[in-house]
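The structure under discussion appears below in the form of structure tokens.
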Amino acid sequence: MAGMKDLARLVRELEDQMVVCMRCGMCQAVCPLYAETGREADVARGKLALLEGLSKEMFRDPKGVSERLNRCLLCGSCAANCPSGVKVLDIFLKARAILAGYMGLSPVKKLILRGILANPAFFDKVTEWAARFQDLFTEPANEVLGTSCARFTTPLLGDRHIKPLALKPFHAELPALETPPGTSGIKVGFFVGCLIDKIFPSVARATLKVLRSHEVGVYLPDNQACCGIPAASSGDMTAFKKLVRHNLDRFPVDRFDVLVTSCATCTSTIRKVWPVLFSDDGSPMGERVRRLSEKTMDIHEFLIRRLGLHPVEAVPSSDAVAVTYHDPCHLKKSLGVFEEPRRLLKSCSGIRLVEMAQSDWCCGLGGSFSLEHYDLSSRVGRRKRDMVAATGAHILTTGCPACMIQFHDRLSQAGDAVQVRHAIEIYAESLGP
């Protein structure tokens, strides 16, 4: 159970933040769940109304409040379009922490979050063993996308088409690295992230290639942990704080100039969520969180804004491959990063960037939301898949490995022959061998 001091602080912060909401309903127009269900309870305004009486309702029907609150993708669309500037994500994360602290976690969540995820070395072992035996339970689904589906019905996989675990995770390829800065004069800490490490190691390789090409020094420590967003979104402050503490120890803030990630979710979590859940706690750890969060940047943002690249837009050839780009919610809506990936992509010869309609509409994954509400997640994802298909693109790019997982599922299930790649991979290839 979370400390009562922490819970009391979160309740006070929650009450202060909720009074800003005018109940104007602007969030309805941009909420991907509301677009599918039309239910007021699924939109931010409805949830905020529910939370107004949280201190009383939590005692009367905590399970009901939790279930309604968890029907949210945490995409930030409502917050990004709120005329009153309501910090909806902050409110929802704090409310989940309060409810989880009061109710406790289910045994399954406690096992996953505290027993596995919060123990990085053990988590690595579990996923490495899963990668070895995954072919016993899955079979190929889409050759172009490299997806698999379940050989037989299982509660975990269901009807999903998945991108298999990498047979060799990135941390096994390169446990640690430290190189001095070259002509750039900049040294970065490289936070890899779970999904890139265990499913998309090619993204980590591409990131290092780009940094090396631009003569940026790299500090890559071993035994990195999850950024903590699964624990934070589940309200598990115990696992969340353990993961944050572990990563703070792995990344001493004075060892590098910028902390770079190629995962939109990790960037947003470290830069936005860490300070929110440690706000006003007055501890030395809170100060370390603040300093590291201020140094954190997305890889595309780093290249353009901090490194100062001015990539020249390439002239597409007649045989250029059509590529479209999906704006991750955590990158555009939370961090305001959307021009930078496009500038890098437009500088790559051999491709032609084709914009899709509503490129920043949520893909529907929402992390654990997809596990608990797969039908809803799929409905949002199918809408996004149709937007991709309408462009006629042969490659879909994005800046978030979680979005890549959702697109692998949705495109594969539709039988599309469209590759899904990280934008930094495309840019890295343009730099040559």
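The values are calculated or read from the model by the stated rules, or taken from the named source; none is laboratory data. Keep in mind that what you see is a predicted model, and the values were worked out from it rather than measured. Virtual Cβ from ideal backbone geometry, glycine too; neighbours counted across all protein chains shown.
For every residue, the table says whether it meets (1) of a type outside the set (Ser, Thr, Tyr); (2) touching a His at 6+ places or on another chain (Cβ under 6 Å); (3) at pLDDT below 95.
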{"position": "PRO169", "(1), (2), (3)": "yes, no, no"}
{"position": "LEU177", "(1), (2), (3)": "yes, no, no"}
{"position": "THR183", "(1), (2), (3)": "no, no, no"}
{"position": "PHE190", "(1), (2), (3)": "yes, no, no"}
{"position": "GLY193", "(1), (2), (3)": "yes, no, no"}
{"position": "ARG205", "(1), (2), (3)": "yes, no, no"}
{"position": "CYS226", "(1), (2), (3)": "yes, no, no"}
{"position": "SER233", "(1), (2), (3)": "no, no, yes"}
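To keep it simple, each residue is scored yes or no on (1) closer than 28 Å to ALA79 by Cα; (2) of a type in the set (S, T, N, Q); (3) touching a residue at least 12 places away in the same chain (Cβ under 8 Å).
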position: ARG306; (1), (2), (3): yes, no, yes
position: PRO311; (1), (2), (3): no, no, yes
position: SER318; (1), (2), (3): no, yes, no
position: HIS326; (1), (2), (3): yes, no, yes
position: LEU344; (1), (2), (3): yes, no, yes
position: CYS348; (1), (2), (3): no, no, yes
position: ARG352; (1), (2), (3): no, no, yes
position: ALA357; (1), (2), (3): yes, no, yes
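Candidates are the residues of the range 376-408 that are over 15 Å from the mean Cα position of the chain (by Cα) and part of a loop (DSSP other than H, G, I, E, B); the one that is surrounded by the fewest Cβ atoms within 10 Å (Cβ to Cβ) is GLY392. Surrounded by fewer than 23 Cβ atoms within 10 Å (Cβ to Cβ) and assigned to a strand (DSSP E or B): does that describe ARG288? Taking the combined requirement at face value, the residue does not satisfy it. Taking the range 276-285 as the range and being in a helix (DSSP H, G or I) and without any contact (Cβ under 8 Å) to a residue 24 or more places away in the chain as the test, only PRO284 passes.
Taking the range 181-275 as the region of interest, the helices (runs of 4 or more DSSP H) fully inside it that hold 2 or more residues being among the charged types (D, E, K, R) are 194-198, 201-213, 237-250. Across the range 350-375, the qualifying residues are those that are in a helix (DSSP H, G or I) and in contact with a Ser or Thr (Cβ under 8 Å, 6 or more places away or on another chain), and the one among them that is surrounded by the fewest Cβ atoms within 10 Å (Cβ to Cβ) is SER368.
Residues of the range 72-101 that are in contact with a Ser or Thr (Cβ under 9 Å, 6 or more places away or on another chain) and surrounded by fewer than 18 Cβ atoms within 10 Å (Cβ to Cβ): ALA80 alone. Looking across the range 326-347, the residues that are buried (at least 23 other Cβ atoms within 10 Å of the Cβ) and outside any helix (DSSP H, G or I) come down to HIS326, ASP327, PRO328, LYS333, SER334, VAL337.
Taken over the range 30-53, the criterion of being of a type in the set (D, E, K, R) and either at pLDDT below 90 or touching a Ser or Thr at 6+ places or on another chain (Cβ under 8 Å) (or both) is satisfied by ARG39, GLU40, ASP42, ARG45, LYS47, GLU52. Within the range 409-425, the set of residues being surrounded by fewer than 24 Cβ atoms within 10 Å (Cβ to Cβ) and assigned to a helix (DSSP H, G or I) comprises GLN413, GLU425.
For the range 170-192, the criterion of being of a type in the set (Lys, Arg), surrounded by 19 or more Cβ atoms within 10 Å (Cβ to Cβ) and in contact (Cβ under 8 Å) with a residue 40 or more places away in the chain is satisfied by at least one residue. Take GLY158 and tell me if it is within 24 Å of the chain's Cα centre (by Cα), surrounded by fewer than 18 Cβ atoms within 10 Å (Cβ to Cβ) and not in a helix (DSSP H, G or I). Yes; evaluated as a whole, the condition is true for this residue.
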